[in-house]
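The values are calculated or read from the model by the stated rules, or taken from the named source; none is laboratory data. If you're wondering where the values come from, they're calculated on a predicted model, not measured in any experiment. All Cβ positions, glycine included, derive from the backbone under ideal geometry; neighbour counts span all protein chains shown.
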């Protein structure tokens, strides 16, 4: 159960995670690749049922405890590998033929999101780096080739990380990634609804949020694992210091680091925007058109991609 000191941390973690969820590039790749709005609406109707199934899968951990399932012990470290609990549960509770099907489902369940993530990374490389800076006149076929190569590099890079890096690093990376991606909220999400923020104000806010978030994470230890840095995402308010000023000195209440960094991000963006607007600094040109937000299957301005996939 939550104690009095970590209730705020739980609330801000839940809110921060919800805000960050669709900021990850791979989270919207499927929506952008959909054939039409109708497809997205139909899938959204089924999303609650999918979420319910995910909840049932999460309960398998309790089933493993009830069945007294033991994880496999890593021979190199002598520690139990908690990732093997569910496979061992399947092996112990199901007949061999069905356990094989369950193992295959685990593999497929890992491959599908990994494929989406690699596609998203390939899109980011191709459109935001290769096309924007390295080869502005690239043809559609050249972009497609770059995306394929980038996707392959990401896949092999992921396998290399699994094989060569301590598995604990993946948990740390997820922790750090959640704080980092949340700092793109003003740029990516809020900027969709308002043009009030100045471009350089958003950049300044991002720099402040990124820097402050990483500094706060670096100062959080984990006594259980012996780590002195990046030991968690819960920050005690009495450790929060703003240029030497501790506004919550003596308070043991914890809060999510990403949420604190986001507040700093927004404050910096607002202050810089006010200053730059006072100075009448040019804020760029909005090159989008109203029809861009209403494109759908059959729109004459959309280009078919069938000819690119060679």
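Of note:
- In the range 252-268, of all residues being under 19 Å from the mean Cα position of the chain (by Cα) and part of a helix (DSSP H, G or I), the one that is surrounded by the fewest Cβ atoms within 10 Å (Cβ to Cβ) corresponds to 263.
- From 220, 180, residue being out of contact with any helix residue (DSSP H, G or I) (no Cβ under 6 Å at 6 or more places or on another chain) and assigned to a loop (DSSP other than H, G, I, E, B): 220
- Number of positions in the range 241-264 that are at negative phi and out of contact with any strand residue (DSSP E or B) (no Cβ under 8 Å at 6 or more places or on another chain): 13
- Scanning the range 1-12 for residues that are surrounded by fewer than 16 Cβ atoms within 10 Å (Cβ to Cβ), out of contact with any helix residue (DSSP H, G or I) (no Cβ under 7 Å at 6 or more places or on another chain) and at pLDDT below 90 yields 1, 3, 4, 5, 7, 10.
This table checks each residue for (1) in contact (Cβ under 8 Å) with a residue 12 or more places away in the chain; (2) within 30 Å of residue 209 (Cα to Cα).
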position: 12; (1), (2): yes, yes
position: 23; (1), (2): yes, yes
position: 29; (1), (2): yes, yes
position: 46; (1), (2): no, no
position: 53; (1), (2): no, no
position: 59; (1), (2): no, no
position: 72; (1), (2): yes, no
position: 76; (1), (2): no, no
position: 88; (1), (2): yes, no
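- Residues in the range 67-78 that are at pLDDT 85 or above and either surrounded by fewer than 10 Cβ atoms within 10 Å (Cβ to Cβ) or in contact with a helix residue (DSSP H, G or I) (Cβ under 8 Å, 6 or more places away or on another chain) (or both): 6 in all.
- One residue alone among 140, 160 is surrounded by fewer than 17 Cβ atoms within 10 Å (Cβ to Cβ) and touching a helix residue (DSSP H, G or I) at 6+ places or on another chain (Cβ under 7 Å), and that residue is 140.
- Residue in the range 79-101 that is farthest from the chain's Cα centre (by Cα), counting only those that are at pLDDT 90 or above and in a loop (DSSP other than H, G, I, E, B): 95
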